[in-house]
Structures are given as structure tokens and as C-alpha cells.
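Down below is the structure, laid out as C-alpha cells.
What follows draws every value from the coordinates through simple rules; no lab data is involved. What you are looking at is a predicted structure, and each value in this text was computed from that prediction instead of being measured. Methodologically, a virtual Cβ is constructed for each residue, glycine included, from the backbone with ideal geometry; neighbour enumeration extends over all protein chains shown.
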Amino acid sequence: IFEYNGSSLVAMVGKNCFAIASDRRLGVQLQTIATDFQRISKIHDKLYIGLAGLATDAQTL
């Protein structure tokens, strides 16, 4: 599981809004393991976190 990698995130903020986008692919090199991996989590009403990279880091948090 230490080799399971995420991919990318992008976030934008406007005057009264924000947007966070990510893919949901989880893979090892060129092999896709899952296509429903959740990278963006709601921490509080106004706080979200997006984690790309190792899946073990995202699961730990």
C-alpha cells in the first residue's frame, strides 16, 4: 500500500465562492487500482482539505 499514489488537485477562490477539483484515480505506476478514491474531505463548515500523493498519508489524516 506504500506505493499507492494519488494524482492532482486544483483549487480556486472567488469573492463569494470557492471550487476544489480532483481526479479520483488511485494507482501504482500505470496500473489503476480504483477510480473512486476520495481526496477532498470536509473538516468544518468553512474548512476543506485536499490530499494528493500517497494514499497512506491521506488515510492517516
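Go through region 1-40 residue by residue and tally those that are without any contact (Cβ under 8 Å) to a residue 40 or more places away in the chain and either in a strand (DSSP E or B) or within 15 Å of Leu51 (Cβ to Cβ) (or both).
Matching residues across region 1-40 total 23.
Please specify each residue of region 13-35 satisfying the condition of being farther than 19 Å from Glu3 by Cβ and loosely packed, with under 15 Cβ neighbours inside 10 Å.
If the condition is that a residue be farther than 19 Å from Glu3 by Cβ and loosely packed, with under 15 Cβ neighbours inside 10 Å, then Val13, Gly14, Lys15, Asn16, Cys17, Phe18, Ala19, Ile20, Ala21 are the ones that fit.
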